[in-house]
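Reading through the structure tokens given below for one structure.
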Amino acid sequence: MKFKPFVAFAAALLLSLTATAQLNRAEVPDKYKWNLSDLYPSNEAWYEHKDKLVAEVQDLEQYHGKLGQSAQMLFNYFDKRDYLLKEFNKLFSYAVLIGSQDLTNDKNRVLSHVFESAYMEFQMEESSFTDEINQLTDSVLYQFLKQEPKLNEYRMLISDIIRQRLHTLSDSEENLIVQVRMMGGSFNKIFSLLMDAEMPCPTITLANGESVELTQTNYPVVMATRNRADRAKAFKAFWENYGQYQGSCGEILTGQIQYYDFCARAHKFESTLQAQLFNDSIPESVYYSLIENVNKNLPTFHRYLRLKQRLLGVDQLRYYDMYAPTVEESDFEFTYEAAQSILLEALKPLGDDYVKNVKSAFEGRWIDVYPTRGKESGGYAEAGAYDVHPYILINYTGNYAETSTIAHEMGHAMHALYSSKNQTHTNANYSLFVAEIASTFNEALFNDYMLRNSNSKAQRISILMNILDDYKGTLFRQALFAEFELEVHKLVSQNEPTTGQILSELYGGLLRKYFGHDLGICYCDELANVEWSYVPHFYEDGFSVYTYCTSFTATQSLVSRILSGDKKALNRYIKLLSSGGSDYPINQLKEAGVDLTTSEPFDLTIKRMNELMDEVEKLLK
């Protein structure tokens, strides 16, 4: 399908920057809002289900002291436990989704707190079986697996029980950890509430006279405008505002890391990094090798930055130029409907079944589309409800990057959908280590489609630079985050001070190294030092950002094979999406044809990046 690069926005929803700041949820037509009644028809129905589950948790009592009696008894316990976990996950999904609609709505937001209290009761009851399971020797567990075929459903769970014996505590100690986890989750909530609802946002006047409130949704839009003075003004106002809260953010982040560090050491790990990677059986060398390889290849990143400077035509590239469009006549704007049509075409290399499922997501109201007052910023896919389809939150304003975001989040949703369709609940939950492959894969297919359908040299250069921007954002920027996170965790574990100012100095040093500040490549204003406080991943999942980098490098290998028409590669990829958590992620990727314990995927990625820059330079000549 050929596309027109300048598609006007639908008149009913002209999402100018001003309108974005003022749009209320009630003004958005239902077809652009997700339908949460597929989960629960109302909050009241949610509460009823919650009460029913809390009562059912007591059913676990019947298995106390009996797990070693027979393979059938062990299966019955696992089966009941898995059912409860599945239903609690459904409760969780609804609470998260309805809370994200409007962070200022206490009636909806309180559901997350109610859920946590109920779920903690389940966790404490479940943890009371820890000692009992650990008293079953390896030989007994393997014998039970042979005696009861239905236990094969829980083979990975049993394998993890055996593998984690050294890091499993006593009944009373595990109960204590469960209670600590509830407190630990507060840090991320405080951060989200502060940033998305309570922190006042600065307002600036653009060169065209328009007044813009710099929310977390609007700020990236302004930074992607062509007017450099507007970008500089927004950059200064936005980060000066964040600078006023760096002390609070420093305390929130330090508390979050102290919580992770406590849990890791309590479970007899040497570090939080070791603890986080252990669950997925990822060697620590994968993390360290990533940072080492990125640092060795900073000259390639600096080549990209010089190319960016050349295309922008500026004497000195500055950090606030990072998101500026590089080719004036090929800006892309898409209505949401146009974006859907493009993505359905772009994803065709993944087969008819995949495209059919994506169409179901668009037509079945799985997606909450437009930014509204109080809505959570950014985007995510939520797929905790095993028996219900995934949901997607985006904040769509119509540009190229946000169309790519739809592709990204749709990748997560399809990964979850294929895993749920092909795995039991206990094996459907895939690792974070492979989670970003499906999302970056879809982005790559979107970029490839746009490139193949480009109508001019200017468009082609613009799309190539968009692809290179992905290398910047997903590989090098996330690696910077990973290195920052590693250093902050070291400071906290060594009881070194980690005030907001100290964290800003640490981040600023890494920013200048990565972006070649001292080499004169990109000037990094000190205002950007506080950017760490803006990154939600630091407050959510300890040591998760590196998976964006590893997934990105794995994707480059997989995409090239499938676009070449390799049917076996396509079948292996769909099998990867369908495998859920039925094996450890390193093994899953090896079966798909990618070995991330070697540097080969990274080397191929850097090679491809240089090839893309070669093409841009050739076009410029």
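The values are calculated or read from the model by the stated rules, or taken from the named source; none is laboratory data. Quick caveat, the model's predicted, so the values are computed rather than measured. Ideal geometry is used to build each Cβ from the backbone, glycine not excepted, and the neighbour counts take in all protein chains shown. All accessible areas refer to the heavy atoms of the entire protein, side chains included, with ligands and DNA or RNA removed. Shrake-Rupley method; radii C 1.70, N 1.55, O 1.52, S 1.80 Å.
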Here the qualifying pairs (Cβ atoms under 7 Å; residues six or more apart or on different chains; first in segment 189-214 and within 15 Å of E240 (Cβ to Cβ); second buried (at least 16 other Cβ atoms within 10 Å of the Cβ) and basic (K, R)) come out as I204/K233
Residues that are of a type in the set (D, E) and out of contact with any Asp or Glu (no Cβ under 8 Å at 6 or more places or on another chain), at least 2 per element: which helices (runs of 4 or more DSSP H) completely within segment 325-431 meet that? 336-346, 352-363, 400-422
Unmet criterion (only one of (1) crowded, with 18+ Cβ neighbours inside 10 Å; (2) modelled with pLDDT of 95 or more; (3) under 30 Å from P601 (Cβ atoms); (4) under 22 Å from the mean Cα position of the chain (by Cα)) for N297: (4)
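Residue by residue, here is whether (1) open to solvent by 20 Å² or more (accessible area, probe 1.4 Å); (2) more than 25 Å from V434 (Cα to Cα); (3) acidic (D, E) holds:
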position: T272; (1), (2), (3): no, no, no
position: Q276; (1), (2), (3): yes, no, no
position: D280; (1), (2), (3): yes, no, yes
position: E284; (1), (2), (3): yes, no, yes
position: S289; (1), (2), (3): yes, no, no
position: E292; (1), (2), (3): yes, no, yes
position: Y304; (1), (2), (3): no, yes, no
position: L307; (1), (2), (3): no, yes, no
position: L312; (1), (2), (3): yes, yes, no
List pairs: first in segment 517-541 and without any contact (Cβ under 8 Å) to a residue 40 or more places away in the chain, second surrounded by 16 or more Cβ atoms within 10 Å (Cβ to Cβ) and in a loop (DSSP other than H, G, I, E, B), Cβ under 6 Å, 6+ apart or cross-chain? H517/C524
Can you pull out the residues in segment 190-199 that are open to solvent by 60 Å² or more (accessible area, probe 1.4 Å) and either out of contact with any helix residue (DSSP H, G or I) (no Cβ under 7 Å at 6 or more places or on another chain) or under 13 Å from S100 (Cα atoms) (or both)? E198
Does E363 satisfy being modelled with pLDDT under 95 and surrounded by fewer than 16 Cβ atoms within 10 Å (Cβ to Cβ)? no
List the residue pairs whose Cβ atoms are under 8 Å apart, where the first residue sits in segment 408-435 and is over 14 Å from Y354 (Cα atoms), the second is among the basic types (K, R) and open to solvent by 30 Å² or more (accessible area, probe 1.4 Å), and the two are 6 or more positions apart or on different chains. H425/K86
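Here is a yes/no grid of residues against (1) more than 18 Å from the chain's Cα centre (by Cα); (2) crowded, with 20+ Cβ neighbours inside 10 Å:
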{"site": "A438", "(1), (2)": "no, yes"}
{"site": "F446", "(1), (2)": "yes, yes"}
{"site": "N453", "(1), (2)": "yes, no"}
{"site": "R460", "(1), (2)": "yes, no"}
{"site": "K472", "(1), (2)": "no, yes"}
{"site": "A479", "(1), (2)": "no, yes"}
{"site": "G508", "(1), (2)": "yes, yes"}
{"site": "Y523", "(1), (2)": "yes, no"}
{"site": "N529", "(1), (2)": "yes, yes"}
Is it the case that segment 71-86 has a residue that's assigned to a loop (DSSP other than H, G, I, E, B) and exposed (fewer than 14 other Cβ atoms within 10 Å of the Cβ)? no
Quick check: is even one residue across segment 413-420 open to solvent by 10 Å² or more (accessible area, probe 1.4 Å), closer than 24 Å to D160 by Cβ and hydroxyl-bearing (S, T, Y)? yes
Quick one: would you say L432 is open to solvent by 10 Å² or more (accessible area, probe 1.4 Å), closer than 16 Å to Y573 by Cβ and hydrophobic (A, V, I, L, M, F, W, C)? no
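Residue-wise test of (1) under 30 Å from S431 (Cβ atoms); (2) in contact (Cβ under 8 Å) with a residue 60 or more places away in the chain.
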residue	(1), (2)
W239	no, yes
Q246	no, yes
T254	yes, yes
E270	yes, no
R303	no, yes
Name the pairs: first residue in segment 156-180 and within 23 Å of Q588 (Cβ to Cβ) and free of Cβ contacts under 8 Å to residues at least 40 places away in the same chain, second residue in a helix (DSSP H, G or I) and of a type in the set (D, E, K, R), Cβ to Cβ under 8 Å, at least 6 apart or on different chains? I162/D138
Kindly check whether there is at least one residue in segment 534-548 that is surrounded by fewer than 20 Cβ atoms within 10 Å (Cβ to Cβ) and of a type in the set (G, A, S). yes
Looking only at segment 148-173, count every residue that is open to solvent by 60 Å² or more (accessible area, probe 1.4 Å) and not charged (D, E, K, R) and tell me the total. 4
Taking the condition of being assigned to a helix (DSSP H, G or I), in contact (Cβ under 8 Å) with a residue 60 or more places away in the chain and open to solvent by 20 Å² or more (accessible area, probe 1.4 Å), how many residues in segment 481-506 meet it? 4
Just a yes or no: is a residue in segment 192-207 modelled with pLDDT of 90 or more and out of contact with any strand residue (DSSP E or B) (no Cβ under 9 Å at 6 or more places or on another chain)? yes
